[in-house]
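Participant: One structure, as structure tokens, below. Some questions next.
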Amino acid sequence: MALYDFRCRVCSTEFTLMYKTIRAYEAAVRACPACGSADLARVIKRVAVQSPARDYSRLSPGEMLSVLDSGDSRQVGQMFEQVGASSPAAGVEFHEATQRLLRGESMDKVEQRLQEHSSAAPTATATSTPSPAATRAAPASD
Ligand SMILES: [Zn+2]
């Protein structure tokens with residue numbers, strides 16, 4: 001997952017979109033949520049972080065996605081923490097997901113929780129079924 005900030009060139013609305021992969025980002029048809037215009041500008045925000053292990057806010061979208069593709073939960077969590085801090089639209093779920101990643105939970109699991117949050121009411125049903133995808137042995141070819 002990666003967050004992208006956009007600004008509508010027509011009505012100046014700023015919004016944030018989240019994509020799981022670079023393919024999803026490239027394939028997505030984006031439109032302003034306020035006026036529906038497709039005339040959007042990417043907004044690159046810099047985050048002030050004190051002595052970071054790595055300044056993820058300076059990574060290009062491609063570099064961010066390579067971090068995501070690494071499947072390293074803690075590294076992704078650190079990136080989310082730095083990059084997400086500049087996106088108030090990201091919301092509580094995003095920050096919760098960030099904390100889970102920083103604790104080393106698998107990305108698949110965290111992502112699953114995020115989807116449960118956004119689709120259903122936030123009733124914390126602790127279904128701890130070990131996902132076979134969590135091992136990410138062989139990437140599915142698509
Ligand atoms: Zn607009």
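Participant: Net charge near L40, counting Lys/Arg +1 and Asp/Glu -1 over other residues with Cβ under 12 Å of its Cβ? Write out the running numbers ahead of the final one.
Facilitator: Numbers: positive: R7, R9, R30, R42; negative: D5, E14, D39.
Local charge sum for L40: +1.
Participant: Still on this structure, I have one more. Among residues other than C11 whose Cβ falls under 15 Å from its Cβ, what is the net charge (Lys/Arg +1, Asp/Glu -1)?
Facilitator: +1
Participant: Assuming 0.36 nm per residue, please report the length gained on full extension of the stretch T13 to S70 beyond their Cα-Cα distance.
Facilitator: 17.2 nm
A short reminder: the numbers here are calculations on the coordinates, not readings from a lab. Remember, predicted model here, so these are calculated numbers, not experimental data. Backbone-built Cβ (ideal geometry, glycine too); neighbour counts: all protein chains shown.
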